[in-house]
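Notes for the one structure printed next.
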Amino acid sequence: MSKIKQWFQFFKANLAKGFKRFPVTIGFAVAFVVIAIYFSHASEKAPYIDKVMMALAIGVPLSGVMKMLEEQFAFHKWLDVAVAVSFVAVYGYLIPLNPDDVFMRQYTALSAALYSLFFIVPYLKHSVSFSQYLFYNISKFFLTVLYAFILFAGSSAVYFTVNVLFELQLPEVVYMDLMMISFGIFGPMHFLGHLPKSEQRELPYAMLFERLFTWIVLPLIMIYTVILHAYFIKILLTRTFPEGMIGNLVVWYGLISVVTLFFLNEIRSKQQWLAKVTKYYPIGMIAPLCMLFAAAWMRIDLYGLTLSRYLLVVAGLFEIIAVVLIFFRRERANVPLGIIAVLMILLSFYGPISGDSLARRQQNERLRSKIEMLGALDTNGNVNVNNLDVLSQNEISLTATYLADTYGVDSLYLAEENETAEAFENRTGIDLRTYRYQVPDKETYFSHYDESLMSKVMLDGADYLLKVTSYDSLKIELEAIDINVNVEKAASSDVIEVRFESSNGAVSERVDLTAWVKSMIALESFEDEREITLGDAQYAIKWILYNVNGYRTAETNAAPDESGLKTNDLASHQQEMIIEYFEGYLRIDKID
């Protein structure tokens, strides 16, 4: 009994210590949980509640940072409270009711920066033992999560037992309430109660983390370094630039290497071999980082700047800065490295050099140059791509689609104010493919996918089998049967045509592949065959459709007959059907 009492007193003292030291931080956390519980039971949620919740969530790390600054620099004890509360109020007011993806990325970046600063601020004046401080807090964080989970599991078990034994039929939403209380109130109070004060410089170094990084992580990344250098030698010998996943592989290798060196910096003197390895290891990262920038440059040059490629480059720059700092400053590199990381996080998502801002500008410039280069401007300076070939249309469409999908139609330099995607497509002819899947009525949507047809097709002695999709053009010479096949989008329409032409170009025949697809869907038959004649030669063409989706207009759905068609006029039915995408095989055989 005395042991239980001691444990109770221990938790009580830690919770009280956390609340006493961080009353505003705990206040924000409690307010967040209370509001969340209230609205989880309410029948309707107020439209502004998400703004309030997001503001309170930002207030937790912000108030913690202000308290740490107050302890470090001894300014007025109420100044940190005034700044935190004022910022939360103003920031909450500025949060849009329906935040877009860009704002949510900025919000996440701000949260990450504030939580990072919360641990950096106590060591602004004293950079030694910073990694020990982080190790200590990481171990306490996982311990807090364990205690919070036990509290949640235990309280849930009590609630469940009472509910079942006494047949009370209590609401199940209470389990969520218990979880929010355990992790949202008890967790922060317990963790903050264990947080060392600035004057506590000597902290126990977690042996688990020391052994993890020294004997497992470091040897593994050394092996990985050898592999990357071998690949680098291969590039030099074959004179082929890195492709594929090399950028992502190297950036994660670099980040893990930096984290490992960061945590081993302050214990390197314990073992002689560890001191030598951590001293020269940064030099070994130079070649992999060169490959990273080469791969990133190639992708940006070919396809333009995107947020993911921007972050890849930023991560590479951070790794270079980290390698230089660790190599020259040794143990005193950790705190400056943390500050640089926070600055790079904020600059990557806020301001004129953020990833979103630069990607939006650069992709619009690429779009402008493509339109001008491909001759999509008419005599009046208006854009219309309908007269371009399908490859040129696809090239323009891909860039425009990325901008519209990522930042909205308004981000396109061609877009007029408050212009919809459909209006933009009709005015310019540029196909924003991302919007083709926004079907007006789900009941009109149809799709067909036959994996067996995709993976296995009976040739039956046919001469050629060609894969055809509605997005990709195809030009190919079939020498064995004296015929050329050209699959492309017809000018000024969404029709995909197949043009069969004799090898000497004397005769040709066009087949409307889109209409063929519509007739197959209407008849629910996904294999069809027909014959064509080119001069004296005859060919059997079989169309095997294994993947297609689209939707029917409202008129098509009205009063279908027994065959599933609204009308017996197949051409009329085809016109009321919108094909979004199709994929299949053309099996071509010359008839002897």
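The table below gives the values:
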item: Checklist (1) under 24 Å from MET179 (Cβ atoms); (2) more than 30 Å from the chain's Cα centre (by Cα) applied to VAL60, failing item; result: (2)
item: ILE267, sole failed condition from (1) among the aliphatic types (A, V, I, L, M); (2) open to solvent by less than 50 Å² (accessible area, probe 1.4 Å); (3) within 20 Å of THR225 (Cα to Cα); result: (3)
item: Residue that is modelled with the highest pLDDT [pool: residues in region 200-253 that are acidic (Asp, Glu) and over 23 Å from LEU311 (Cβ atoms)]; result: GLU210
item: Scan of region 352-361 for residues that are open to solvent by 60 Å² or more (accessible area, probe 1.4 Å) and touching a residue at least 40 places away in the same chain (Cβ under 8 Å), ordered by number; result: ARG360
item: Exclusive hit being aliphatic (A, V, I, L, M), exposed (fewer than 15 other Cβ atoms within 10 Å of the Cβ) and at pLDDT 85 or above, set ALA148, ALA153; result: ALA153
item: Condition broken by LYS67, with the remaining ones in (1) touching a Phe, Trp or Tyr at 6+ places or on another chain (Cβ under 6 Å); (2) assigned to a helix (DSSP H, G or I); (3) closer than 25 Å to LEU178 by Cβ; (4) open to solvent by 30 Å² or more (accessible area, probe 1.4 Å) satisfied; result: (3)
item: Test result for LEU391, under 22 Å from LEU412 (Cβ atoms) and either under 21 Å from the mean Cα position of the chain (by Cα) or not hydroxyl-bearing (Ser, Thr, Tyr) (or both); result: yes
item: Any pair with Cβ under 8 angstrom, 6 or more apart, that starts in region 157-175 at a residue that is in contact (Cβ under 8 Å) with a residue 12 or more places away in the chain and surrounded by 11 or more Cβ atoms within 10 Å (Cβ to Cβ) and ends at one that is among the hydrophobic types (A, V, I, L, M, F, W, C) and part of a loop (DSSP other than H, G, I, E, B); result: TYR159/LEU170
item: Odd one out for ALA480 among (1) assigned to a helix (DSSP H, G or I); (2) out of contact with any Asp or Glu (no Cβ under 8 Å at 6 or more places or on another chain); (3) modelled with pLDDT under 85; result: (2)
item: Identity of the residue in region 137-181, assigned to a loop (DSSP other than H, G, I, E, B) and aliphatic (A, V, I, L, M), that ends up farthest from PHE191 (Cα to Cα); result: LEU168
item: Complete set of residues in region 371-394 that are crowded, with 19+ Cβ neighbours inside 10 Å and without any contact (Cβ under 8 Å) to a residue 60 or more places away in the chain; result: ILE371, ALA376, VAL385, LEU388
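The values are calculated or read from the model by the stated rules, or taken from the named source; none is laboratory data. Being a predicted model, the structure only gives us computed values, none of them experimental. Every residue, glycine among them, receives a Cβ derived from its backbone with ideal geometry; neighbour counts consider all protein chains shown. Each accessible area value is taken on the protein alone, full model and side chains, heavy atoms only, with ligands, DNA and RNA left out. Shrake-Rupley method; radii C 1.70, N 1.55, O 1.52, S 1.80 Å.
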